[in-house]
1. Let me confirm something: among LEU30, LEU4, LEU34, which residue is aliphatic (A, V, I, L, M), open to solvent by less than 70 Å² (accessible area, probe 1.4 Å), at pLDDT below 85 and not in a strand (DSSP E or B)?
2. Give all pairs with beta carbons closer than 7 Å in which a residue from the stretch 46-74 that is closer than 17 Å to ARG21 by Cα and without any contact (Cβ under 8 Å) to a residue 24 or more places away in the chain meets a residue that is small (Gly, Ala, Ser) and in a strand (DSSP E or B); count only pairs at least 6 apart in sequence or on separate chains.
Amino acid sequence: GRLLHEVSTFVELGKPHAAVRYFSGHDSTLVPLLSALGLWGGKAAALWPPYASTVAFEVWADVDGAETVRVRYNGLEVFPPLMYGDGEKQRETAGEKGGGRLSPAETRHALRGLSMGEHEWFDACGVPHDS
């Protein structure tokens, strides 16, 4: 939805537009986000996110300026199946520069299927809007 659109746009644009972008929500926002990323369901669905849970998308740059995206859930790095499939990409490239993480453009591409901009969201929900 719109949250994934905002996150993926920010991750790809990053600096100089903004060093940090903060989105706040409740468990009713966090659970759909985790589900969309493939981090919720099965045994994980039996455990509701703890109070003050966080999901962070961090853009890291190495000394050569190459950027990668790290995803963290409650402080631990995770490799969301939506972005990494079964984790094969991460396992294959774990020793390479970037630790198997995706670039900002790869992250945006991976999130694109569940991402929708403001006008797409209005249209999908049947909300009148200015074009």
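The values are calculated or read from the model by the stated rules, or taken from the named source; none is laboratory data. Source: prediction; values computed, not measured. FYI the Cβ positions are ideal-geometry reconstructions off the backbone, even for glycines, and counts take in every protein chain you see. The protein model used for the area step is the full one, side chains on, heavy atoms only, and it has no ligands, DNA or RNA in it. Shrake-Rupley method; radii C 1.70, N 1.55, O 1.52, S 1.80 Å.
1. Testing whether each residue is aliphatic (A, V, I, L, M), open to solvent by less than 70 Å² (accessible area, probe 1.4 Å), at pLDDT below 85 and not in a strand (DSSP E or B) leaves just LEU4.
2. ARG72/ALA56
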